[in-house]
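Notes follow the structure.
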Amino acid sequence: MLVLPLLAGLMAVVRAGSATSFNPVPHPRQCLTQTSFSFPQFNVNKTGSLRKLRYADGSLHDVLLPYAGWASARILAEIFYILLAEVMEYSVTVFDNSVPNSGAGVNYVSGCLDPTDASCAIRNLTNPLLHFTIESWSSGIERTQKLPNDLQPTLLTVMEYDTVDQIFIWSDVYNAGTRQNIFLDYYKFYDPALYSAFEYFDSLDTLLKILPIEYLETCTALDTKEFGNDRRKNKYIEFTQNNEVDCMNDVVWLSPACRRLANNSKCIPLIVQYEYHVVFQLSYFLNFPVALLKVRDGTPAFDDVYYRTIRSTKLMFGWYKPDDNLLGLSDKYPVLLKCPDPN
């Protein structure tokens, strides 16, 4: 969560100078059964039945929250709304489509109008677009470090909750392997010199036929950080001493173990939305014969394509807990791939 000492006022639905559309999220019903809580210390900023934020010029304004483009941040935004609006009785506006990644959130609360510009060339420090980031992941921390010194947030903390962010396979794939004494939940069974793990998965051609190309993030976009993501190509080369970082059609990276095979039909498709740079290196050091692709993130539309693709195919895929988008299916469930603990 991030808070700045200078807070600002309510914006129009589309703010001049900002490339992002801000759409208020409706909250037609109250969540809590208790309708009144006592916080008399805040009554000085109360107008009518709701409290407002008071700024240096004496004006009162709504609290502005982002409804960001990933599931955990949206859940937390709802919790923040309940606490601020229903418990503390603040006037709160939650904006959808405002934060595609946590770097954009840091820009907005810092007073920057361009969510992608780390120099914050276009700014309105007395009227920032948001007051909280809610969740700040790696792109938010990186953006904070790159902002001009006088604009860097004075308070940036990381919410601590347990996650498991790793490579998974479907249980039906795992069960098919165990019937042949191939235990696909363990990384060593993917060694192409000893096993033919690809036989239990769909092919790369099958994946590309059902996954719309426009939803894939290109390797060029990753290397230029066009959407705030980075595969950290130079670090990969430094740590692995492997220069095979080119991508097929700019969207599919074939791991060294995959390239050594007679043809890429024996490469196992692996799709991710996050932590590309981690899987990038793991594929080298654990000798995975994979074809790695990244589906874009940051909007519900991208998430829908990602999860729909995973549900309908037999792939290796990136997933994390406590995300529940792949749970509750009647015929299968995600199985964690056991890998050595990372440094």
(request) Determine which member of the set LEU194, LEU207, LEU222, LEU184 is part of a loop (DSSP other than H, G, I, E, B) and either surrounded by 15 or more Cβ atoms within 10 Å (Cβ to Cβ) or among the β-branched types (Val, Ile, Thr) (or both). (result) LEU184
(message) Could you list, ordered by first residue, the pairs with Cβ atoms under 6 Å in which the first is in segment 68-87 and touching a residue at least 40 places away in the same chain (Cβ under 8 Å) and the second is of a type in the set (Gly, Ala, Ser) and surrounded by fewer than 19 Cβ atoms within 10 Å (Cβ to Cβ), at least 6 apart or interchain?
(response) none
(request) May I ask you to verify whether VAL99 is crowded, with 21+ Cβ neighbours inside 10 Å and part of a strand (DSSP E or B)? (result) no
(message) If a residue must be buried (at least 21 other Cβ atoms within 10 Å of the Cβ) and either free of Cβ contacts under 8 Å to residues at least 12 places away in the same chain or assigned to a loop (DSSP other than H, G, I, E, B) (or both), how many such residues does segment 252-281 contain?
(response) 3
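Any residue in segment 165-176 that is within 23 Å of LYS332 (Cα to Cα), part of a loop (DSSP other than H, G, I, E, B) and at pLDDT 95 or above?
no
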(request) Select from segment 308-320 the residues that are among the hydroxyl-bearing types (Ser, Thr, Tyr) and in contact with a strand residue (DSSP E or B) (Cβ under 9 Å, 6 or more places away or on another chain) and write down the one among them that is nearest to VAL290 (Cα to Cα). (result) THR313
(request) Take the residues in segment 77-103 that are within 22 Å of ASP114 (Cβ to Cβ) and not β-branched (Val, Ile, Thr), then tell me which one is nearest to the chain's Cα centre (by Cα). (result) ASN101
(request) From PRO115, PRO153, grab the single residue that is buried (at least 18 other Cβ atoms within 10 Å of the Cβ) and closer than 16 Å to ALA68 by Cβ. (result) PRO115
(request) Evaluate segment 128-139: report whether one residue or more is outside any loop (DSSP other than H, G, I, E, B), within 21 Å of THR299 (Cα to Cα) and under 17 Å from the mean Cα position of the chain (by Cα). (result) yes
(request) Quick one: ILE213 ticks every box in (1) within 17 Å of MET248 (Cβ to Cβ); (2) among the aliphatic types (A, V, I, L, M); (3) surrounded by 14 or more Cβ atoms within 10 Å (Cβ to Cβ) except a single one, so which number is it? (result) (3)
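The values are calculated or read from the model by the stated rules, or taken from the named source; none is laboratory data. Worth saying up front: this structure is predicted, and the values here are computed from it rather than measured. So basically every Cβ, Gly included, is an ideal-geometry build from the backbone, and we count neighbours across all protein chains shown.
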